[in-house]
C-alpha cells in the first residue's frame with residue numbers, strides 16, 4: 001500500500017495564511033466602513049440666529065379655511081389659468097436646467113462621500129511562455145511550456161479620525177440641498193410668471209372689449225353731431241371734436257392688441273414652445289380675484305421660501321468647508337492592505353504557488369506649506385461670513401416683501417371698492433340723463449357724454465382689478481407659495497437641513 005505523505009509544518013502555515021488573508025480583508029473592510037459611517041463632520045460654531053418678529057404688520061389674523069399655497073393658482077377657479085401653469089411646470093426649459101443641476105449636485109455629493117470609505121481594487125494576470133531546449137543534460141528532449149497566473153486585491157483607506165472627509169461630504173450634500181431649493185424657487189417663479197402674463201392678458205382683453213363699446217358710442221355721437229351740423233344746429237367744431245376723439249381712441253387699439261400678443265407669446269415660451277406656436281386666448285370671462293391668505297407668521301413664511309432655504313443651505317456648505325479646511329492642520333492616517341496569490345508551472349518541473357498579504361499603517365502630518373492651509377482657512381471663513389450675510393439679507397427681504405405685498409393688495413382693494421361705487425354712480429347718471437332727454441330737458445349729446453363717462457369709469461375699474469390680480473400673484477410669490485415637498489425631487493442621500501437653528 002502506498003504511504004500517504006503528511007504535510008509539513010510550513011505547508012500548514014501557508015495554507016492557513018492562504019485562507020486567512022481574504023477573511024482579514026473582509027473584516028477590515030467591514031470595520032472601516034462602520035468607522036467611516038460613524039465619523040462626524042468638524043463642528044463649526046455659527047452665530048445666534050436673528051430674532052424674528054412674532055407677527056407681520058399687514059397680515060390678517062387667521063380666519064376660515066387655509067389657502068393651499070402649494071397650488072395657489074387654483075384659487076382663481078379658472079381652468080385656463082391652471083392649464084397654462086401646469087403646462088409650464090411640466091415643460092419649461094428653465095425647470096429642465098434646474099432639474100439637471102440637482103442631478104449634477106447629487107452625483108457630485110455621492111462622489112465626495114465615497115472618499116470616506118475604503119477603496120478596494122483587484123488585479124489579475126496570466127502568462128504563457130514557450131521555448132526550445134537544445135541538448136539539455138537533466139531534462140528530456142522537447143519544448144516545455146511555461147504557464148503562470150497571479151491575482152490580488154488592494155485596499156487603501158484614509159481613516160477620517162478628525163472629520164475632514166465627513167466635512168467635505170456635508171458640504172457637498174448641502175450644495176445638493178441648495179440646488180434643490182433653487183429648483184423649487186424656479187417652480188414658484190415660473191408659476192408666478194405664467195399667472196402674471198395670463199391675468200394681464202385677460203385684463204387687456206376686457207379693456208379691448210370696452211374700447212369697442214366706447215368707439216360705438218363715439219360713432220353715434222359723430223352721426224348726431226353731423227346731423228345737427230347739416231340742420232344748422234351745431235358748428236363744424238362739434239363734428240371735428242368728436243372725430244378727434246374717435247381717432248384718439250382708435251389709436252389705443254393697436255397697442256392693446258400688441259400687448260395681448262406679447263403676453264400670449266410669453267405664455268407659449270414659458271410652456272416650452274416656440275413663440276410662433278402661441279395659440280389665441282379665449283374670450284375673457286368674469287374677473288375674480290381670491291381673498292388673501294390669513295394667519296401667516298414670519299417663521300412659517302421663512303421656512304417655506306426657497307430663497308431663504310437656499311441661503312441657509314449655503315451657510316451649512318460654507319461651514320462644512322471651513323471645518324474641512326481646519327482639519328487639514330491635523331495629521332492624516334492611512335490603512336493599506338494588499339493580498340496576493342499566484343502559481344507558476346514549467347513542463348517537466350514541479351509547480352510553484354503561493355499567497356501572501358500586507359497590512360500597513362501610515363500617517364501624514366503637515367509641517368511646512370508656506371501658509372497654504374492657514375490661507376485656505378481664512379478664505380473659507382470669509383466665505384462663511386459672506387454666506388451668513390446673504391442668509392440674513394434673504395430674511396430681511398422676505399419679511400419686507402410679505403408686508404409690502406399685503407399692503408399693496410389692501411390699497412388696491414380700497415381703490416377698487418371706491419371705483420366700483422363710482423362706476424355704479426356713473427351708470428345711474430346714464431339712466432337719469434336718458435330720462436331727462438326723453439322728457440325734452442337734455443339733448444342726445446348729454447346722453448352720449450354720460451355714456452362715455454360711465455365707460456371711462458369702467459375702464460379705470462378694469463385696470464385696478466388687473467393691478468389687484470397681479471399684486472395678489474406677487475403676494476403668493478412673497479409667501480413662497482407654488483411648491484410642495486411631494487412634488488419636488490429630493491436628491492438621494494441628501495439631507496434637508498432646513499433653516500439655521
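The values are calculated or read from the model by the stated rules, or taken from the named source; none is laboratory data. The model shown is predicted, which means the values in this text are computed figures rather than measured ones. For neighbour counting, all protein chains shown are included, and Cβ atoms are generated from backbone atoms with ideal geometry for every residue, glycine included.
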*Could you grab the pairs with beta carbons closer than 6 Å, sequence gap of 6+ or different chains, first residue in the stretch 276-294 and more than 16 Å from residue 74 (Cα to Cα), second one outside any helix (DSSP H, G or I)?*
294/60; 294/62; 294/63
_Selection count, the stretch 433-480, where residues are modelled with pLDDT under 90 and outside any helix (DSSP H, G or I)_ = 5
_Would you confirm, using the coordinates I've provided, whether residue 312 is assigned to a helix (DSSP H, G or I) and within 18 Å of the chain's Cα centre (by Cα)?_
yes
_So residue 341 passes all but one of these: (1) crowded, with 16+ Cβ neighbours inside 10 Å; (2) under 29 Å from residue 175 (Cβ atoms); (3) touching a strand residue (DSSP E or B) at 6+ places or on another chain (Cβ under 9 Å). Which condition number does it fail?_
(2)
_Candidate set: the stretch 91-139, residues that are in contact with a strand residue (DSSP E or B) (Cβ under 7 Å, 6 or more places away or on another chain) and in a loop (DSSP other than H, G, I, E, B); chosen: the one modelled with the lowest pLDDT_ = 139
*What number of residues within the stretch 151-201 satisfy the criterion of being part of a strand (DSSP E or B) and under 20 Å from the mean Cα position of the chain (by Cα)?*
0
_Can you list residue pairs whose Cβ atoms sit under 9 Å apart, with the first residue in the stretch 58-69 being on the phi > 0 side of the Ramachandran plot and at pLDDT below 80 and the second being in a loop (DSSP other than H, G, I, E, B) and surrounded by fewer than 16 Cβ atoms within 10 Å (Cβ to Cβ)? Count only pairs 6 or more apart in sequence or on different chains._
64/291; 64/294
_Give me the residue from the stretch 266-297 that is outside any loop (DSSP other than H, G, I, E, B) and modelled with pLDDT under 95 and, out of that set, surrounded by the fewest Cβ atoms within 10 Å (Cβ to Cβ)._
276
*If we keep just the residues of the stretch 224-240 that are assigned to a helix (DSSP H, G or I) and either in contact with a helix residue (DSSP H, G or I) (Cβ under 6 Å, 6 or more places away or on another chain) or surrounded by 14 or more Cβ atoms within 10 Å (Cβ to Cβ) (or both), which is modelled with the highest pLDDT?*
226
*Find the residue count for the stretch 315-338, including only residues that are touching a strand residue (DSSP E or B) at 6+ places or on another chain (Cβ under 8 Å) and either at pLDDT 90 or above or closer than 30 Å to residue 177 by Cα (or both).*
2
*Hey, among the residues in the stretch 65-83 that are part of a loop (DSSP other than H, G, I, E, B) and touching a helix residue (DSSP H, G or I) at 6+ places or on another chain (Cβ under 9 Å), which one's farthest from residue 475 (Cα to Cα)?*
78
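Results for (1) farther than 30 Å from residue 181 by Cα; (2) in contact with a helix residue (DSSP H, G or I) (Cβ under 6 Å, 6 or more places away or on another chain); (3) free of Cβ contacts under 8 Å to residues at least 60 places away in the same chain; (4) buried (at least 21 other Cβ atoms within 10 Å of the Cβ), shown as yes or no for each residue.
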residue: 446; (1), (2), (3), (4): yes, yes, yes, no
residue: 453; (1), (2), (3), (4): yes, yes, yes, no
residue: 457; (1), (2), (3), (4): yes, yes, yes, no
residue: 463; (1), (2), (3), (4): yes, no, no, no
residue: 475; (1), (2), (3), (4): no, yes, no, yes
residue: 484; (1), (2), (3), (4): no, yes, no, no
*Confirm whether residue 55 is over 30 Å from residue 343 (Cα atoms) and more than 20 Å from the chain's Cα centre (by Cα).*
yes
